[in-house]
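What follows is a single structure, written as structure tokens, with notes after it.
The values are calculated or read from the model by the stated rules, or taken from the named source; none is laboratory data. Quantities reported herein were computed from a predicted structural model and do not represent experimental measurements. We place every Cβ from the backbone using ideal geometry, glycine too, and count neighbours over all the protein chains shown.
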Amino acid sequence: MTELTTNASESNVSVKGFLVLSRLPFLSPGIAALVSGICLAILADYQAELGFLLMSIVGLALIMLATYYFNEYFDYEGDIINKTFIKLSGGSRAIPDNMVPRTLARVAGYGAVVLLAVIAVIYVLFYFEDFPLLLPLALFGAFCGIFYSHPPFQWSYKGIGEILIGGCYGVLALVSGYYIVSGVLELDMAVVALPASITIFGVIVANEFPDYEADLAVNKLNLAVRLGVPRASKMYAVLMLLVYPVMVSSIMVGVDWTIALYGLPVLLLSSFSAITALKGGYSERAQQMKISGTALLANILSSLMFIPAAIQW
């Protein structure tokens, strides 16, 4: 442990290393859901304040960045022994590859929390009266994200991290996006957001397939470790095959029927990912990348595709 920490501390800080550590492409799932909620509210003829919207997007990004930074720091022991990771799993690799020192991840995590607190103060001073429910929504999201890997809760080590991230990156983000424009906590938006929640849950589980041995070694009891990869892959496949039917079921809460057409790319991606997993792809490196990659793309589209459908509402 001492040797590993020493090796990491000898690495140099670079802009490239910090950007790799930040995992900026992985901000897209949460932001896609939030922006979808914003667009749906605007299309419902609510008026948006651009400054408040930008502040909210930055706030969400900071929550996700804090989550990623702390994940990089506290998952270090597992990441350093992980030899079977794929591009979308095993963390950013910035610390194991000595691109940045391990301590930078913790400092960056707390820095993101401080910036988030600054945004919270601005919100309380200028926007709380009109959007009071945003505070508990944001606090819940921050609590789930920050303690995904951070002690004492470490949700990702207890088999509930996947569920919390699924809820936050899908339902919570999209419902919050709708709320920060409309001022209305529209429960129908939770139905609209379910496909995004299911698919991001799937992304997390799929990324656990290649990391299984390393996670097991450090007693990271996520769902893949608890269930075993073969059973976890079956659960994953069932959920991914449910995404399109759930997407179409949103018609019952007023979504235009064209969602059945706009959702076809999600159907193709989620079905391909599920079938690949059922065929044993969860144990092959190249197939693992296809499973995770198509699930991630399905996740982003599963919220964004409601925007063109909303134009028909």
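Here are the numbers:
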quantity: Residue in region 126-175 that is surrounded by the fewest Cβ atoms within 10 Å (Cβ to Cβ), counting only those that are in a helix (DSSP H, G or I) and in contact with a Gly (Cβ under 6 Å, 6 or more places away or on another chain); calculated: Trp155
quantity: Matching entry among Leu221, Leu216, Leu137 (being in contact with a Ser or Thr (Cβ under 6 Å, 6 or more places away or on another chain), of a type in the set (A, V, I, L, M) and over 30 Å from Pro265 (Cα atoms)); calculated: Leu137
quantity: Answer residue from region 243-296, given it is touching a residue at least 12 places away in the same chain (Cβ under 8 Å) and charged (D, E, K, R) and is surrounded by the fewest Cβ atoms within 10 Å (Cβ to Cβ) among those; calculated: Arg285
quantity: Unmet requirement for Leu88, which otherwise passes all of (1) touching a helix residue (DSSP H, G or I) at 6+ places or on another chain (Cβ under 9 Å); (2) surrounded by fewer than 16 Cβ atoms within 10 Å (Cβ to Cβ); calculated: (2)
quantity: One residue from Ser302, Ser271 being hydroxyl-bearing (Ser, Thr, Tyr), in a helix (DSSP H, G or I) and in contact with a Ser or Thr (Cβ under 7 Å, 6 or more places away or on another chain); calculated: Ser302
quantity: Evaluation of Pro210 against (1) assigned to a helix (DSSP H, G or I); (2) under 22 Å from the mean Cα position of the chain (by Cα) (one fails), failing number; calculated: (1)
quantity: In region 207-243, the residues that are touching a Leu at 6+ places or on another chain (Cβ under 8 Å) and within 29 Å of Thr258 (Cβ to Cβ); calculated: Ala237, Val243
quantity: Condition met for Thr294 (assigned to a helix (DSSP H, G or I), touching a helix residue (DSSP H, G or I) at 6+ places or on another chain (Cβ under 9 Å), more than 21 Å from Gly30 (Cα to Cα) and not aromatic (Phe, Trp, Tyr)); calculated: no
quantity: The one condition in (1) assigned to a loop (DSSP other than H, G, I, E, B); (2) within 13 Å of Gly30 (Cβ to Cβ) that Leu185 fails to fulfil; calculated: (2)
quantity: Index of the failed condition, Ala120 passing every other in (1) buried (at least 16 other Cβ atoms within 10 Å of the Cβ); (2) within 17 Å of the chain's Cα centre (by Cα); calculated: (2)
quantity: Pairs with Cβ under 9 Å, 6+ apart, first in region 100-113 and within 12 Å of Asn71 (Cβ to Cβ), second part of a helix (DSSP H, G or I) and acidic (Asp, Glu); calculated: Ala105/Glu72; Arg106/Glu72; Ala108/Glu72; Gly109/Glu72
quantity: Near pairs, Cβ below 8 angstrom, 6+ apart or cross-chain, from region 136-153 (within 12 Å of Thr67 (Cα to Cα) and modelled with pLDDT of 95 or more) to any residue that is assigned to a loop (DSSP other than H, G, I, E, B) and among the hydrophobic types (A, V, I, L, M, F, W, C); calculated: Phe147/Phe153
quantity: When residues of region 220-241 are limited to those that are more than 23 Å from Pro152 (Cβ to Cβ) and of a type outside the set (A, V, I, L, M), the one surrounded by the most Cβ atoms within 10 Å (Cβ to Cβ); calculated: Tyr236
quantity: Residue in region 6-13 that is modelled with pLDDT of 95 or more and either within 14 Å of the chain's Cα centre (by Cα) or among the small types (Gly, Ala, Ser) (or both) present; calculated: no
quantity: Close pairs (8 angstrom Cβ cut-off, 6 or more residues apart or separate chains): within 18 Å of Tyr212 (Cβ to Cβ) and at pLDDT 95 or above in region 63-86, assigned to a helix (DSSP H, G or I) and aromatic (Phe, Trp, Tyr) anywhere; calculated: Thr84/Tyr212
quantity: Filtered residues of region 259-313 (kept if among the hydrophobic types (A, V, I, L, M, F, W, C) and under 19 Å from Gly228 (Cβ atoms)); calculated: Ala274, Ala277, Leu278, Ile291
quantity: Residue match in region 43-59 (condition: under 18 Å from Leu115 (Cβ atoms), crowded, with 22+ Cβ neighbours inside 10 Å and aliphatic (A, V, I, L, M)); calculated: no
quantity: Selection status of Ala206, of a type in the set (A, V, I, L, M, F, W, C), closer than 18 Å to Ala277 by Cβ and modelled with pLDDT of 95 or more; calculated: yes
